[in-house]
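Notes follow once the structure below has been shown.
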Amino acid sequence: MVNRVAAVVAAAVLGVAGLTGCATSASVTNSVSSAQPCPVGPLSVVATTNVWASVVDQLSGQCANIRTIVSSPSANPHDFAVTAATSAAFADAELVVQNGLGYDAWADKIEASLGQACPPVLDLGQTVGLTPGDNPHIWYSPTYVQQAATAITKALQDALPAAADYFAAQARSFAAALTPYLDEVATIRAKYSGTVIGATETLFVYMAAATGLKLSTPIGFMLAQANDTDPGAADVATFRTQLSDGTDKVLIYNAQTEGGLPDAMMATARQNNVPVVDVTETLTPAGATFQAWQLAQLQTLYTALGGG
């Protein structure tokens, strides 16, 4: 796994896959939706996290009722515990949108238990051309987000052909809504490409590549934190040194894997006047759109890098 994630740091892997056979409990309202009503009855869609629920919401407009599972910024999506209500939501859905790559492996188990009764499943990790073992945090890659949006639109059109034109219009609106977020990525890359930063785990790897920032943290440390294991002593010592000797200009801190070593590294950063930028795995606040959440984090990063 170390080699795969290390390769992702160097270059993003692109590709296209599609729907698979079937392998939440809170409702999500349409936050950025079409002013026009859906021309037919809405779909019932399940999304495994509120990150992808926000994207589906904006792409479906009034043509989908969306339910999601993981929405709390204080929860770790890796640790979600399935309930009977979760399984029932999957069984009632006409489309499931999941991250894949092991990130929401609990969804695979539900889908497998449903057998032939399972609705179509869009596995976004497969859609962008990755395989199990690759970094699952694909929503931190602008390229992967746009690829995922294209695949989601197609899945919606396949599930509800009578609304195909409606979904195409929603896709155009969503692409326009992404512009400030994409512009901020480009701004950071233009001004700060090559700047060395640290990170407490692998969440930010794709965005670091997109913005041209150089992650110096030992991959063994980041992987250990992402997989809830203990990093090697040498990796811990190297990371601590990088935060102390001026190597790292900013520390990216995953606020949803706090505790122990991540907190210790954050303390080291602050002791050495290294700005700390909090990032999360789910929408913060929970009701934000995907692009508003990402833009706010990028603006905080820009300031931390010295952009003012």
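So with the 1.4 Å probe, I'd like the accessible area per residue for the chain, rounded to whole Å². Please list the in-between numbers first.
Details: 12030 Å² over 308 residues.
I get 39 Å² per residue for this part.
Near residue 50, within a Cβ-to-Cβ distance under 15 Å, what is the net charge of the other residues, with Lys and Arg +1 and Asp and Glu -1? Each step should come with its number before you reach the end.
Working: positive: 67; negative: 57, 104, 281.
Summing Lys/Arg as +1 and Asp/Glu as -1 gives -2.
What list of whole percents do you get for P(r) of the chain, with Cα-Cα distances grouped in 10 Å bins up to the one holding the largest distance?
Per 10 Å bin, starting at zero, the Cα-Cα P(r) for the chain comes out as 6, 28, 34, 21, 9, 2, 0 percent.
Any idea how far the Cα center of the range 184-220 sits from the one of the range 230-294, in Å?
12 Å
Please list the non-local residues whose amide H lies under 5 Å from the amide H of residue 283, H modeled 1.01 Å from N, same-chain partners needing a gap of 5 or more.
Residues meeting the amide H criterion: 50, 51.
Quick one, what does Rg over Rh come out to for the range 150-308 if you take C-alpha atoms and the Kirkwood Rh? Don't jump to the answer; show the numbers that get you there.
Details: Rg = 18.3 Å, Rh = 17.1 Å.
Expressed as Rg/Rh, it is 1.07.
Computing the accessible area with a 1.4 Å probe over protein heavy atoms, can you report the carbon and sulfur percentage for the chain? Before the final figure, lay out each step's value.
Working: 6550 of 12030 Å².
C and S fraction of accessible area: 54 percent.
Sticking with the crude label model, points 7 Å out along Cα→Cβ, report the distance from residue 286 to residue 183 in nm, one decimal please.
3.2 nm
Describe numerically, in nm with one decimal, the distance between label points set 7 Å from Cα along Cα→Cβ at residue 196 and at residue 172.
4.8 nm
Considering only protein heavy atoms, with the full assembly of protein chains and a 1.4 angstrom probe, order 266, 222 by accessible area, largest first.
Details: 266 35, 222 5 Å².
Per-residue accessible area, sorted high to low, gives 266, 222.
The values are calculated or read from the model by the stated rules, or taken from the named source; none is laboratory data. Since the model is a prediction, treat every value here as computed from it, not as a measurement. A quick note on method: Cβ atoms are made from the backbone with ideal geometry, for glycine too, and the neighbour counts reach across all protein chains shown. Areas reflect the complete protein model, heavy atoms only, side chains present, ligands, DNA and RNA absent. Shrake-Rupley method; radii C 1.70, N 1.55, O 1.52, S 1.80 Å.
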